[in-house]
Each structure stands twice: as C-alpha cells, then as structure tokens.
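The values are calculated or read from the model by the stated rules, or taken from the named source; none is laboratory data. Keep in mind it's a predicted model, so treat the numbers as computed, not measured. Using ideal geometry, Cβ is built from the backbone for each residue, glycine included, and neighbour counts are taken over all protein chains shown.
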Amino acid sequence: MELSTIRYFCEVARSRSIREASERLHVATSALSRQVAQLEEELGQPLFERHARGMTLTEAGEIAHVHFREMLVQIDSIAGQLDDLKDLRRGRLRIITVEGAVAYLLATAVGDFHSLFPGVELEITTAGTTDAITAILQDKADVFIAFNAPPHAEIQILAEVPEPLYAVVGPHHSLWDATSCSLRQISSMRYGCLTEAHGSRLLLDQALHRLGLRPRPVLVSNSVEALKAFARTAGGATFMPWFAVEREVEAGELRLLPLVESGLLTSPLSIGVRRHRRIPRATHELIGRIQVLLVDLPGAPSRQQ
C-alpha cells in the first residue's frame, strides 16, 4: 500500500469527488480512480458509494479514513521533526484565524516570520471561531487564532490574552464624541454583528441575555470588513475587540467606546493547536511573535487606563 495512495484516498474522502480531488492534487482523474480502486481491492471491500452527484464513504470507508488520516498526521509530524534536526526550515504551516486578527497581528508577524523561515509556506484561512475549532479537530489546519473559543478536550491553548468587546462607531454616529456607553444604550440603536459562528457574537448574545435584552440587529454578516463599513459610512454601530479595528481607529475612521458592562464582554483571544500534536520550531516562532504583538498592541483603551 503506497503512501501516495493513502493521501489520494483521504483527499477524495474530503472532497467527495474524484474530479475535485484531482484538481487539488494535480493528478489525472483516471489515475486517481485507479488508485482508489486499487486500495479497495487491497482492503477487500468498497470504501465509497458512487452517486451521480459525488461519492460518500461507506462504513468501511469511514473506519479507513479515520485511521489513514491519523497515519498521515503522524508521518507529517515525523517529517517535521527530521527537518528540524537538519534545520531545513521548510514545509507548510496552515493557520485558520478569525478575520479581525489578520490585518494587524498576522500581517505584521508574517513578515518577521518569513525572514527567519523563508522556506516555510504559510497558508492563512479566515473563519469564525466554531469553524476554526472544527478545522483543527479535522486536521485541516495546524494552528488557530480565535476569540472566545469554547474549551475542548482535544484542543490545547498555547497562548491567550483577555480582550474586551467595544462598541464601534463612525463619525456619523450620535455617540462619536462619547467616552463610553452601555450595552443597553447601543443595542437600542441601529447595530450590526457577526454571525453565530463567531466567538464575539456568542459573547454578545450571552451578555444581552443576562441583561434581559432582546434587540434585533439590522445587519448580520460573516464579514468583519462589512461591519466596519456599516459603522464607518452608514451611521450604524457594531461590536468588536480592539485588534480588529486598530488601523481604522488610528486613522480616525472609527472610534471605540468602552462598554460599562465590560465584565460580561471580555473573553480571550486564543492561539491553539490539536492536543498531543508535536509543535515544530517554526510554529513556536510564529506563535511567539503573534503573542508579543497582541500583548504590546499600542493604544488600546483598556491598556491606556
């Protein structure tokens, strides 16, 4: 049983399509089909059910997928350890992160990282907290950066810094000149928020529930940029941690208002991995740089007090 065959099988299982898997792997569909058929022959039973719209794993396929995926994780870990021993500093590091952490934290850290590890390919994907945790558990990413991540037995938190949510308003908002506001006050106005897959939304909903408030947002989006534009140009408000709007606040385009209920609206920004996975040196270096940037983030209202 060839290692390449196992990798091909896992990609087909993930894609549920020979055609899509062949595009991702840059392997001809005919060759990929032969590899899957060969694996089924070696194991003595079908691993996929073929349908007009794609392929789904059989019960045997589900069992094989779990074990083969773990095998590939271990093989990649061994390869990483050998690379570290030879100081090759190459490979790929897959990061899944909340969108708000990209502009300041990752953009700054990546430049420093590449000067030390020019041979390491970084793959950065944005997602809400729920999807980021799922990606780590399914080995679709190596490191996550998430706000208000729920505890999980299979997740190891490597670093975290508590971050409060702020009300975010633009120059056309009636509270632009205010120094603070309450959640009750701001939620009675036109506001937007992220979808329920995001940690900040879950934190906001919990705080509103504890205060007995049931407001309805006028805008719900999975895009941080859309919500910032809503506050900046449409006279609305939204809720975000400082790191998500650092550039716009520095430029005078948005303003952060501390909320008097900050005790209900503070949660960690966490950096983590799947538990029991070896952490290569390159990953430690990047995480360390992100942590320093977060702790030393300039100008955040909570750190000026």
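When every residue of region 164-179 is checked against the conditions, at least one turns out to be free of Cβ contacts under 8 Å to residues at least 24 places away in the same chain, of a type in the set (Gly, Ala, Ser) and assigned to a loop (DSSP other than H, G, I, E, B). Of the set (1) at pLDDT below 95; (2) on the phi < 0 side of the Ramachandran plot, all apply to His276 but (2).
Considering region 131-163, and only residues there that are in contact (Cβ under 8 Å) with a residue 24 or more places away in the chain and assigned to a helix (DSSP H, G or I), the residue that is farthest from the chain's Cα centre (by Cα) turns out to be Leu137. Tallying residues that are surrounded by 14 or more Cβ atoms within 10 Å (Cβ to Cβ) and either free of Cβ contacts under 8 Å to residues at least 40 places away in the same chain or over 19 Å from the mean Cα position of the chain (by Cα) (or both) within region 229-245 yields 9.
Selection over region 278-296 of residues that are in contact with a strand residue (DSSP E or B) (Cβ under 9 Å, 6 or more places away or on another chain) and crowded, with 19+ Cβ neighbours inside 10 Å gives a count of 7. The residues of region 94-104 that are in contact with a strand residue (DSSP E or B) (Cβ under 7 Å, 6 or more places away or on another chain) and within 22 Å of Glu163 (Cβ to Cβ), listed by number, are Ile95, Ile96, Thr97, Val98, Glu99, Gly100, Ala101, Val102. When we screen Ala37, Ala13 for residues that are without any contact (Cβ under 8 Å) to a residue 24 or more places away in the chain and not charged (D, E, K, R), the only hit is Ala37. Exactly one residue among Arg210, Arg190, Arg216 is surrounded by 14 or more Cβ atoms within 10 Å (Cβ to Cβ) and of a type in the set (Lys, Arg), and that residue is Arg190. For region 208-287, the strands (runs of 3 or more DSSP E) that sit wholly inside it and include 3 or more residues that are farther than 22 Å from Val161 by Cβ are 219-221. Scanning region 111-121 for residues that are without any contact (Cβ under 8 Å) to a residue 60 or more places away in the chain and not charged (D, E, K, R), we see that the one that is surrounded by the most Cβ atoms within 10 Å (Cβ to Cβ) is His114.
The residue that is farthest from Arg14 (Cα to Cα), among those in region 49-60 that are among the small types (Gly, Ala, Ser) and at pLDDT below 90, is Ala52.
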